[in-house]
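Colleague: For reference, the structure I am asking about is given below.
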Amino acid sequence: MHGYHEPLRLEEIPVPAPGAGEVLIKVAAAGICRSDHQLLEGYFQPAAPMEFPAVPGHEVAGRVAGIGSAVPRSAGLSEGDLVVVNPGWGDGTCRQCHAGNEQLCTGTGGWIGFGPPGGFAEYVVVPHRHLVRVPGGDQKAENLAPLTDAGLTPYRGVKKLRAAGKLGPGRTVVVAGIGGLGSYAVQYAKLLGGGATVVAFSRTDEKLELARRNGADHTVNTRDLSSSQVQDDLERLTGRRTVDAILDCAGAPASIALDFGILAAEGAVASVGLMGTKVEVPLNVIVGTELSYFGSFWGNYNDLTEVLSLAAAGQIRHTVTTVKFEDINDNLGALARGDVVGRQVIVFD
């Protein structure tokens, strides 16, 4: 990446040498996220300005190719191990880091691919404490890489809704936006929902079909529908015009507005998607019916290990399209247009 609003350039760069506490990873697979397109378009520039040239790519799985001299044996890493990269790199000193939430670091932390060189390259160097070794040898790298964001981010969001007491028998939870995150979110809503009815919202029938395959009890195509019309569909499908919880994987202002138009009293929205920059929510309704609005950002190390455990147990269905490294700009364009179902993942030979 040489600048904002420019296509990525494929170039030969030196293989990085790991520092004392670092590990060299030969990248096997790297997921392509909408955030990568947004990074190129300058969406994150106000909060995290880039220094160029930079290598993006934050969903990374690969094999250990070199180990720094100060990496402790307790890290349990050996050359050839299959690993994934925990993307939130806190500085380890702030309150959030000490609480385990390094993705929320208030100090000098960052995120792989958003400053520190990322996985859109054949090799990447990673501090050893941000690696998770994948047990067993039967999982594919192209399925593991997306779990570090597309699979991780909605998992934390669903956990927030569960902790808030908004899931369970007799409850209805909506997953809004069935993109890379939403395809996993539907599954977590079923796995962690305690018997809640799961409804998927999307503007695309093909993505709603994916949601049904992944366990959604009902689906609603919200394209061009008012909140009242959406409620008509909800009433027909569930017997209720309101819902108890919403995991919003889109983050668009129109999506958030719809969320608050269909929440039941004491309902909650957890936002994990980022498409807009501001949303308007009805204060009188939030106060008068005691609604909650949670932000949920990525996930921490323990969240990631839980997701990997679910994957190892065969509890997660992957919707992955493998793509070629040299086609990355075309694939980013397809993602920006909304043409991708599930996750595109670059695989390296």
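The values are calculated or read from the model by the stated rules, or taken from the named source; none is laboratory data. From a predicted model like this one, the values you see are computed outputs, not experimental measurements. FYI the Cβ positions are ideal-geometry reconstructions off the backbone, even for glycines, and counts take in every protein chain you see. Remember, those area values only see protein heavy atoms, side chains included, never the ligands or the DNA or RNA. Shrake-Rupley method; radii C 1.70, N 1.55, O 1.52, S 1.80 Å.
Colleague: Ignoring solvent entirely, what values of log10 I(q)/I(0) come out of the Debye formula for segment 177-324 at 0.21 Å⁻¹ when each Cα is a single scatterer?
Modeller: The Debye formula, applied to the Cα set alone, gives -1.52.
Colleague: While we're looking at this one, here's another question. So what is log10(I(q)/I(0)) for segment 81-138 at q = 0.16, 0.30 1/Å, when the Debye sum runs over its Cα atoms only?
Modeller: -0.53, -1.20
Colleague: Between ASP91 and THR106, what is 0.36 nm times their sequence separation minus the Cα-Cα distance? Round to one decimal in nm.
Modeller: 4.5 nm
Colleague: Just add up the charged neighbours of GLY338: K/R +1, D/E -1, any other residue whose Cβ is under 10 Å from the Cβ of GLY338.
Modeller: After counting each charged neighbour, the total is +3.
Colleague: Under a point-charge model restricted to the Cβ atoms of Lys and Arg (+1) and Asp and Glu (-1), what is the dipole moment magnitude of the chain relative to its Cα centre, in debye to the nearest 20?
Modeller: Magnitude of the dipole: close to 980 debye.
Colleague: Tell me, how many Å apart are the Cα centres for segment 174-192 and for segment 36-76?
Modeller: Between the Cα centres of segment 174-192 and segment 36-76 lies a distance of 26 Å.
Colleague: Ok, one more. So for the pair VAL281, ARG236, with labels modelled 7 Å out along Cα→Cβ, what separation do we get in nm?
Modeller: Label at VAL281, label at ARG236, 3.0 nm between them.
Colleague: Using 0.36 nm times the number of residues separating ALA17 and PHE325, minus their current alpha carbon distance, what extension gain do you get? Spell out each step's value before the answer.
Modeller: Numbers: separation 308, 0.36 × 308 = 110.88 nm, distance 2.24 nm.
That works out to 108.6 nm of additional length.
Colleague: Then there's this: From the protein chains alone at 1.4 Å, what is the descending order of accessible area for MET275, MET50, largest first? Could you put the intermediate results ahead of the total?
Modeller: Numbers: MET275 90, MET50 20 Å².
Descending accessible area places them as MET275, MET50.
Colleague: Let me ask something additional. For MET1, what charge total do you get from the other residues with a beta carbon under 15 Å from its beta carbon, if Lys and Arg give +1 and Asp and Glu give -1?
Modeller: Overall, the nearby charge balance is -4.
Colleague: Relative to the present Cα-Cα distance, how much length would full extension add between ASP224 and SER309 at 0.36 nm per residue of separation?
Modeller: Here the segment from ASP224 to SER309 would lengthen by 26.7 nm.
Colleague: While we're on this one: Can you give the Rg to Rh ratio of segment 1-145, both from alpha-carbon atoms, with Rh computed by the Kirkwood formula?
Modeller: For segment 1-145, the value is 0.96.
Colleague: What does the charge count near ASN214 come to, summing +1 for each Lys or Arg and -1 for each Asp or Glu among other residues with Cβ under 12 Å from its Cβ?
Modeller: Net charge in that neighbourhood comes out at +3.
Colleague: A further question follows. At q = 0.18, 0.20 Å⁻¹, what log₁₀ I(q)/I(0) does a Debye calculation on the Cα points of segment 128-232 give, no solvent, two decimals?
Modeller: -0.90, -1.04
Colleague: Which entries in the list LYS26/LYS207; LYS140/LYS190; LYS159/LYS278; LYS160/LYS190; LYS207/LYS278 go over 21 Å, if you measure between the two C-alpha atoms of each? Provide the component values of the computation, followed by the final result.
Modeller: Details: LYS26/LYS207 33 Å; LYS140/LYS190 24 Å; LYS159/LYS278 24 Å; LYS160/LYS190 15 Å; LYS207/LYS278 26 Å.
Over 21 Å Cα-Cα: LYS26/LYS207; LYS140/LYS190; LYS159/LYS278; LYS207/LYS278.
Colleague: Pairs of Cα atoms under 8 Å, at least six residues apart: use those to get the relative contact order of the chain, whole percent. Let's see the in-between values first.
Modeller: Values: 777 pairs, mean separation 65.5, N = 349.
Computed over the chain, the figure is 19 percent.
Colleague: The chain: percent of C-alpha pairs farther apart than 36 Å?
Modeller: Summing the P(r) tail past 36 Å for the chain gives 20 percent.
Colleague: Let me ask something else. Regarding segment 217-257, what is the average projected area of its C-alpha convex hull, in nm²? Working shown, then result.
Modeller: Values: hull surface 12.4 nm².
Average projection, Cα convex hull of segment 217-257: 3.1 nm².
Colleague: Here's something else I'd like to know. At 1.4 Å probe radius, can you tell me the per residue accessible area of the chain in Å²?
Modeller: 44
Colleague: How would ARG129, ARG337, ARG73, ARG241 rank on accessible area, largest to smallest, probe 1.4 Å?
Modeller: Accessible-area ranking of ARG129, ARG337, ARG73, ARG241, largest first: ARG73, ARG337, ARG129, ARG241.
Colleague: With a cap of 13 neighbouring Cβ atoms within 10 Å, and only residues DSSP puts in a loop, list the GluC sites (Glu not before Pro) found in segment 208-297.
Modeller: GLU280, GLU290
Colleague: For the pair ARG213 and ASP339, what calculated FRET efficiency results from E = 1/(1 + (r/R0)^6), where r is the Cβ-Cβ distance and R0 = 25 Å, to the nearest 0.05?
Modeller: About 0.85, to the nearest 0.05.
Colleague: Shape of segment 1-74 from its Cα gyration tensor (a ≥ b ≥ c, root eigenvalues): rounded if a/c is under 1.5, otherwise prolate when a/b > b/c, or oblate?
Modeller: prolate
Colleague: Give the carbon-plus-sulfur fraction of the accessible surface of the chain in %, rounded to a whole number; probe 1.4 Å, heavy atoms of protein chains only. Spell out each step's value before the answer.
Modeller: Values: 7450 of 15380 Å².
Carbon and sulfur atoms account for 48 percent of the accessible area of the chain.
Colleague: Can you list the DSSP H helices in the chain whose Cα atoms extend at least 27 Å along the helix axis and whose mean Kyte-Doolittle hydropathy is 0.0 or higher?
Modeller: For the chain, where a helix must reach 27 Å along its axis and average at least 0.0, there are no hits.
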